[in-house]
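**Student:** One structure, pasted below without further comment.
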Amino acid sequence: MSGEQLSGDLLTAMAWSWFTAAQAHGQLAQRTAGMVEVPAMSYGLVHAVVQPVVSWGVVRQVSFPGVNVDIGHYRLLAWSRDHDESRWVAYNRLRGQALSALEHAVPEAFFSDPAQCNRVGVARSNPALPACPEGVSAVKALAIAAQAGQKVFTITGQVYANNPGIVRQFLGQHSPDTQDRVQQALDAGYEVTIHESPIAVEGWSGAGLTVTARPPLPSPRRASTASPTACTMASASCSPTPKKPASSPPGASA
(Lines give C-alpha, C1' and ligand atoms only; values in the text may rest on other atoms or scores of the structure.)
Protein backbone atom coordinates (compact mmCIF):
# COMPACT_ATOMS: atom_id res chain seq x y z
CA MET A 1 0.00 0.00 0.00
CA SER A 2 1.39 3.38 -1.00
CA GLY A 3 1.57 6.43 1.24
CA GLU A 4 -1.07 8.13 -0.90
CA GLN A 5 -3.47 5.21 -0.42
CA LEU A 6 -2.84 5.14 3.31
CA SER A 7 -3.45 8.88 3.72
CA GLY A 8 -6.52 8.65 1.48
CA ASP A 9 -7.99 5.86 3.59
CA LEU A 10 -7.32 7.88 6.74
CA LEU A 11 -9.18 10.90 5.37
CA THR A 12 -12.04 8.68 4.19
CA ALA A 13 -12.30 7.10 7.64
CA MET A 14 -12.51 10.57 9.14
CA ALA A 15 -15.40 11.48 6.83
CA TRP A 16 -17.28 8.29 7.69
CA SER A 17 -16.65 8.93 11.39
CA TRP A 18 -18.22 12.37 11.07
CA PHE A 19 -21.37 10.98 9.44
CA THR A 20 -21.57 8.13 11.97
CA ALA A 21 -21.34 10.56 14.88
CA ALA A 22 -23.87 12.90 13.25
CA GLN A 23 -26.41 10.11 12.81
CA ALA A 24 -25.83 8.80 16.34
CA HIS A 25 -26.45 12.26 17.77
CA GLY A 26 -29.68 12.49 15.79
CA GLN A 27 -30.93 9.14 17.10
CA LEU A 28 -30.35 10.25 20.69
CA ALA A 29 -31.53 13.85 20.33
CA GLN A 30 -34.84 13.09 18.63
CA ARG A 31 -35.99 10.89 21.52
CA THR A 32 -35.60 13.56 24.17
CA ALA A 33 -36.81 16.37 21.89
CA GLY A 34 -40.05 14.70 20.84
CA MET A 35 -39.00 14.61 17.19
CA VAL A 36 -38.96 12.15 14.32
CA GLU A 37 -35.81 12.33 12.19
CA VAL A 38 -34.65 10.34 9.18
CA PRO A 39 -31.24 11.02 7.57
CA ALA A 40 -31.35 11.94 3.89
CA MET A 41 -28.84 12.27 1.06
CA SER A 42 -25.73 14.05 2.35
CA TYR A 43 -22.12 14.46 1.34
CA GLY A 44 -18.89 16.02 2.54
CA LEU A 45 -15.16 16.14 1.95
CA VAL A 46 -12.05 15.83 4.11
CA HIS A 47 -8.96 17.47 2.63
CA ALA A 48 -5.31 17.35 3.53
CA VAL A 49 -4.13 20.96 3.77
CA VAL A 50 -1.12 21.52 1.50
CA GLN A 51 1.46 24.21 2.24
CA PRO A 52 4.12 24.60 -0.49
CA VAL A 53 7.51 26.22 0.11
CA VAL A 54 8.46 28.32 -2.91
CA SER A 55 11.94 29.63 -3.73
CA TRP A 56 12.46 31.86 -6.76
CA GLY A 57 9.14 30.78 -8.21
CA VAL A 58 9.85 27.06 -7.83
CA VAL A 59 8.15 24.74 -5.32
CA ARG A 60 10.99 23.24 -3.28
CA GLN A 61 9.06 21.48 -0.56
CA VAL A 62 5.50 20.61 0.40
CA SER A 63 4.19 20.13 3.94
CA PHE A 64 0.80 19.05 5.26
CA PRO A 65 0.09 21.12 8.39
CA GLY A 66 -3.47 19.90 8.93
CA VAL A 67 -6.77 18.69 7.54
CA ASN A 68 -9.95 20.46 6.51
CA VAL A 69 -13.35 18.86 7.20
CA ASP A 70 -15.85 20.31 4.74
CA ILE A 71 -19.32 18.78 5.07
CA GLY A 72 -20.93 20.68 2.25
CA HIS A 73 -24.43 19.24 2.49
CA TYR A 74 -26.16 17.49 5.37
CA ARG A 75 -29.89 16.91 4.98
CA LEU A 76 -32.31 15.44 7.46
CA LEU A 77 -36.05 14.83 7.26
CA ALA A 78 -37.61 15.79 10.57
CA TRP A 79 -40.78 16.98 12.23
CA SER A 80 -42.13 17.23 15.78
CA ARG A 81 -44.36 14.46 17.07
CA ASP A 82 -46.94 16.99 18.27
CA HIS A 83 -46.78 19.16 15.09
CA ASP A 84 -45.19 22.04 17.02
CA GLU A 85 -43.27 24.33 14.67
CA SER A 86 -41.31 25.99 17.49
CA ARG A 87 -40.08 22.59 18.66
CA TRP A 88 -39.03 21.80 15.09
CA VAL A 89 -37.08 25.07 14.82
CA ALA A 90 -35.37 24.57 18.19
CA TYR A 91 -34.43 21.00 17.30
CA ASN A 92 -32.84 21.98 14.01
CA ARG A 93 -30.86 24.72 15.73
CA LEU A 94 -29.63 22.14 18.23
CA ARG A 95 -28.64 19.75 15.46
CA GLY A 96 -26.87 22.49 13.53
CA GLN A 97 -24.74 23.38 16.56
CA ALA A 98 -23.86 19.73 17.16
CA LEU A 99 -22.97 19.08 13.52
CA SER A 100 -20.68 22.09 13.49
CA ALA A 101 -18.93 20.92 16.67
CA LEU A 102 -18.16 17.58 15.04
CA GLU A 103 -16.03 19.39 12.47
CA HIS A 104 -13.46 20.09 15.17
CA ALA A 105 -14.11 17.14 17.49
CA VAL A 106 -13.59 14.40 14.88
CA PRO A 107 -10.16 15.60 13.64
CA GLU A 108 -9.03 16.16 17.24
CA ALA A 109 -9.95 12.57 18.10
CA PHE A 110 -8.12 11.20 15.05
CA PHE A 111 -4.88 13.08 15.63
CA SER A 112 -4.67 13.04 19.43
CA ASP A 113 -2.78 10.25 21.19
CA PRO A 114 -3.30 10.56 24.99
CA ALA A 115 0.03 8.79 25.50
CA GLN A 116 1.86 11.57 23.65
CA CYS A 117 -0.16 14.73 24.30
CA ASN A 118 -2.94 16.21 26.45
CA ARG A 119 -6.29 16.43 24.67
CA VAL A 120 -8.12 19.74 24.79
CA GLY A 121 -10.87 19.83 27.41
CA VAL A 122 -9.79 16.65 29.22
CA ALA A 123 -9.57 17.13 32.98
CA ARG A 124 -6.86 14.54 33.57
CA SER A 125 -3.62 15.63 31.94
CA ASN A 126 0.07 14.90 32.19
CA PRO A 127 2.04 18.11 32.80
CA ALA A 128 5.07 16.52 31.13
CA LEU A 129 3.25 16.20 27.80
CA PRO A 130 2.47 18.97 25.28
CA ALA A 131 -1.05 19.91 24.26
CA CYS A 132 -2.61 17.91 21.43
CA PRO A 133 -3.42 19.60 18.11
CA GLU A 134 -6.61 21.64 18.33
CA GLY A 135 -9.34 21.81 15.71
CA VAL A 136 -11.57 24.78 14.92
CA SER A 137 -15.22 24.80 13.85
CA ALA A 138 -17.72 27.62 13.54
CA VAL A 139 -19.25 27.04 16.98
CA LYS A 140 -15.83 26.59 18.59
CA ALA A 141 -14.55 29.80 17.02
CA LEU A 142 -17.56 31.64 18.44
CA ALA A 143 -16.87 30.14 21.88
CA ILE A 144 -13.17 31.06 21.74
CA ALA A 145 -14.03 34.62 20.75
CA ALA A 146 -16.57 34.93 23.57
CA GLN A 147 -14.08 33.59 26.12
CA ALA A 148 -11.57 36.18 24.91
CA GLY A 149 -14.07 38.93 25.69
CA GLN A 150 -15.29 39.59 22.17
CA LYS A 151 -18.87 40.52 21.46
CA VAL A 152 -20.87 37.91 19.57
CA PHE A 153 -23.53 39.45 17.34
CA THR A 154 -26.76 37.72 16.31
CA ILE A 155 -28.06 39.68 13.33
CA THR A 156 -31.69 38.87 12.61
CA GLY A 157 -33.69 40.01 9.61
CA GLN A 158 -35.27 42.79 11.66
CA VAL A 159 -31.90 44.03 12.91
CA TYR A 160 -30.57 44.07 9.35
CA ALA A 161 -33.64 45.93 8.09
CA ASN A 162 -33.09 48.61 10.73
CA ASN A 163 -29.32 48.76 10.09
CA PRO A 164 -28.62 47.98 6.40
CA GLY A 165 -24.97 49.05 6.75
CA ILE A 166 -24.33 46.85 9.76
CA VAL A 167 -21.67 44.66 8.10
CA ARG A 168 -19.31 47.45 7.06
CA GLN A 169 -20.00 49.47 10.19
CA PHE A 170 -19.58 46.83 12.90
CA LEU A 171 -17.71 43.92 11.28
CA GLY A 172 -14.95 45.92 9.60
CA GLN A 173 -12.17 44.02 11.39
CA HIS A 174 -12.98 40.88 9.40
CA SER A 175 -11.53 40.16 5.97
CA PRO A 176 -13.42 41.29 2.84
CA ASP A 177 -14.25 37.64 2.12
CA THR A 178 -15.90 37.17 5.51
CA GLN A 179 -17.79 40.45 5.21
CA ASP A 180 -19.04 39.45 1.76
CA ARG A 181 -20.28 36.10 3.08
CA VAL A 182 -22.17 37.78 5.89
CA GLN A 183 -23.60 40.40 3.53
CA GLN A 184 -24.81 37.78 1.06
CA ALA A 185 -26.45 35.75 3.83
CA LEU A 186 -28.25 38.79 5.23
CA ASP A 187 -29.39 39.87 1.77
CA ALA A 188 -30.85 36.38 1.28
CA GLY A 189 -32.90 36.71 4.47
CA TYR A 190 -30.82 34.54 6.78
CA GLU A 191 -29.92 35.13 10.42
CA VAL A 192 -26.17 35.40 11.05
CA THR A 193 -24.21 34.95 14.28
CA ILE A 194 -20.58 36.11 14.22
CA HIS A 195 -17.94 37.45 16.60
CA GLU A 196 -16.58 40.96 16.21
CA SER A 197 -12.99 40.24 15.09
CA PRO A 198 -10.81 37.35 13.81
CA ILE A 199 -9.25 34.79 16.14
CA ALA A 200 -6.03 32.75 15.86
CA VAL A 201 -5.77 29.07 16.84
CA GLU A 202 -2.93 26.63 16.11
CA GLY A 203 -1.50 28.79 13.35
CA TRP A 204 -4.91 29.34 11.73
CA SER A 205 -6.60 32.73 11.80
CA GLY A 206 -10.08 33.62 10.66
CA ALA A 207 -13.70 33.84 11.71
CA GLY A 208 -16.48 31.52 12.79
CA LEU A 209 -20.05 32.28 11.84
CA THR A 210 -23.36 30.47 11.70
CA VAL A 211 -26.11 31.09 9.17
CA THR A 212 -29.66 30.13 10.09
CA ALA A 213 -32.68 30.02 7.80
CA ARG A 214 -36.32 29.62 8.72
CA PRO A 215 -38.30 28.28 5.76
CA PRO A 216 -42.11 28.46 5.57
CA LEU A 217 -44.06 26.05 7.74
CA PRO A 218 -44.74 22.86 5.72
CA SER A 219 -48.20 21.40 5.47
CA PRO A 220 -48.97 18.50 7.87
CA ARG A 221 -49.01 16.04 4.97
CA ARG A 222 -45.52 17.06 3.93
CA ALA A 223 -44.12 17.53 7.42
CA SER A 224 -41.80 14.55 7.14
CA THR A 225 -40.01 16.12 4.17
CA ALA A 226 -39.31 19.44 5.86
CA SER A 227 -35.77 20.66 5.29
CA PRO A 228 -33.64 21.68 8.29
CA THR A 229 -33.87 25.24 9.57
CA ALA A 230 -30.27 25.57 10.61
CA CYS A 231 -27.06 25.16 8.71
CA THR A 232 -23.59 26.09 9.81
CA MET A 233 -20.51 27.18 7.94
CA ALA A 234 -17.13 28.57 8.89
CA SER A 235 -15.30 31.14 6.86
CA ALA A 236 -11.69 30.63 5.83
CA SER A 237 -10.56 34.22 5.92
CA CYS A 238 -7.11 35.37 6.92
CA SER A 239 -6.28 37.94 9.56
CA PRO A 240 -6.98 41.47 8.29
CA THR A 241 -5.30 44.63 9.51
CA PRO A 242 -6.58 45.31 13.06
CA LYS A 243 -8.95 48.21 13.48
CA LYS A 244 -10.56 49.96 16.39
CA PRO A 245 -13.07 47.64 18.14
CA ALA A 246 -16.65 48.25 17.11
CA SER A 247 -19.49 48.94 19.48
CA SER A 248 -22.68 46.87 19.48
CA PRO A 249 -25.00 47.59 16.55
CA PRO A 250 -28.44 48.83 17.61
CA GLY A 251 -30.82 45.93 18.13
CA ALA A 252 -28.26 43.14 17.73
CA SER A 253 -27.87 40.78 20.65
CA ALA A 254 -24.33 40.36 21.91
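**Student:** Which residue is nearest to residue 67 (Cα to Cα), if the candidates are limited to the range 136-170 and must be surrounded by 14 or more Cβ atoms within 10 Å (Cβ to Cβ) and out of contact with any strand residue (DSSP E or B) (no Cβ under 8 Å at 6 or more places or on another chain)?
**Tutor:** In this case the residue turns out to be 143.
**Student:** Which one of the conditions (1) polar (S, T, N, Q); (2) exposed (fewer than 13 other Cβ atoms within 10 Å of the Cβ); (3) under 23 Å from the mean Cα position of the chain (by Cα) does residue 55 fail to meet, given that it meets all the rest?
**Tutor:** (3)
**Student:** Please go through the range 14-59 and pick out each residue that is out of contact with any strand residue (DSSP E or B) (no Cβ under 6 Å at 6 or more places or on another chain), free of Cβ contacts under 8 Å to residues at least 12 places away in the same chain and either of a type outside the set (D, E, K, R) or not in a helix (DSSP H, G or I) (or both).
**Tutor:** Passing the criteria: 16, 20, 24, 27, 28, 32, 54, 55, 56, 57, 58.
**Student:** Identify, please: which residue in the range 3-35 is surrounded by fewer than 14 Cβ atoms within 10 Å (Cβ to Cβ) and either touching a Ser or Thr at 6+ places or on another chain (Cβ under 7 Å) or aromatic (Phe, Trp, Tyr) (or both) and is, among those, farthest from residue 103 (Cα to Cα)?
**Tutor:** So, considering only residues that are surrounded by fewer than 14 Cβ atoms within 10 Å (Cβ to Cβ) and either touching a Ser or Thr at 6+ places or on another chain (Cβ under 7 Å) or aromatic (Phe, Trp, Tyr) (or both), the one farthest from residue 103 (Cα to Cα) is 34.
**Student:** Looking at the range 171-184, which of its residues are out of contact with any Gly (no Cβ under 8 Å at 6 or more places or on another chain), surrounded by fewer than 21 Cβ atoms within 10 Å (Cβ to Cβ) and part of a helix (DSSP H, G or I)?
**Tutor:** Of the range 171-184, the ones out of contact with any Gly (no Cβ under 8 Å at 6 or more places or on another chain) are 171-174, 176-177, 180-184.
Subset that is surrounded by fewer than 21 Cβ atoms within 10 Å (Cβ to Cβ): 172, 176-177, 180, 183-184.
176, 177, 180, 183, 184, listed by residue number.
**Student:** Return the residues of the range 123-163 that are touching an Asp or Glu at 6+ places or on another chain (Cβ under 8 Å), farther than 21 Å from residue 190 by Cβ and modelled with pLDDT of 95 or more; say none if nothing qualifies. Let's see the steps before the verdict.
**Tutor:** Applying the first criterion (touching an Asp or Glu at 6+ places or on another chain (Cβ under 8 Å)) to the range 123-163 yields 132-138, 145, 150-157.
Pick out the ones that are also farther than 21 Å from residue 190 by Cβ and you get 132-136, 150.
Correct list: 150 only.
**Student:** Identify the residue in the range 60-107 that is part of a strand (DSSP E or B) and hydroxyl-bearing (Ser, Thr, Tyr) and, among all such residues, is surrounded by the most Cβ atoms within 10 Å (Cβ to Cβ).
**Tutor:** Going through the range 60-107, the residues part of a strand (DSSP E or B) turn out to be 60-73, 76-80.
From what's left, hydroxyl-bearing (Ser, Thr, Tyr): 63, 80.
On the way: 63: 10, 80: 20.
If we take residues in the range 60-107 being part of a strand (DSSP E or B) and hydroxyl-bearing (Ser, Thr, Tyr), then 80 is surrounded by the most Cβ atoms within 10 Å (Cβ to Cβ).
**Student:** Which numbered condition in (1) within 18 Å of residue 138 (Cα to Cα); (2) surrounded by fewer than 18 Cβ atoms within 10 Å (Cβ to Cβ) is the only one that residue 111 fails?
**Tutor:** The failed condition is (1).
**Student:** Specify the residue that is surrounded by the most Cβ atoms within 10 Å (Cβ to Cβ); the eligible residues are those in the range 36-51 that are under 26 Å from residue 75 (Cβ atoms) and over 19 Å from the mean Cα position of the chain (by Cα).
**Tutor:** 37
**Student:** May I pose another question? Just checking, which of 38, 53, 59, 69 is of a type in the set (A, V, I, L, M, F, W, C) and under 25 Å from residue 140 (Cβ atoms)? Spell out the reasoning first.
**Tutor:** Numbers: 38 fails: under 25 Å from residue 140 (Cβ atoms); 53 fails: under 25 Å from residue 140 (Cβ atoms); 59 fails: under 25 Å from residue 140 (Cβ atoms).
When all the criteria are applied, what remains is 69.
**Student:** Can you pull out the residues in the range 135-176 that are closer than 25 Å to residue 47 by Cα, of a type in the set (Ser, Thr, Tyr) and in contact with a helix residue (DSSP H, G or I) (Cβ under 8 Å, 6 or more places away or on another chain)?
**Tutor:** 137 - this is the single residue of the range 135-176 that is closer than 25 Å to residue 47 by Cα, of a type in the set (Ser, Thr, Tyr) and in contact with a helix residue (DSSP H, G or I) (Cβ under 8 Å, 6 or more places away or on another chain).
**Student:** A follow-up question, please. Return the only residue of 202, 108, 191 being among the charged types (D, E, K, R), closer than 28 Å to residue 46 by Cα and touching a residue at least 60 places away in the same chain (Cβ under 8 Å).
**Tutor:** On the way: 108 fails: touching a residue at least 60 places away in the same chain (Cβ under 8 Å); 191 fails: touching a residue at least 60 places away in the same chain (Cβ under 8 Å).
Result: 202 is the single residue among 202, 108, 191 that is among the charged types (D, E, K, R), closer than 28 Å to residue 46 by Cα and touching a residue at least 60 places away in the same chain (Cβ under 8 Å).
The values are calculated or read from the model by the stated rules, or taken from the named source; none is laboratory data. All figures in this text were calculated on a predicted structure; none of them were measured in a lab. Quick reminder, even Gly has a Cβ in these numbers, built from the backbone with ideal geometry, and neighbours come from all protein chains shown.
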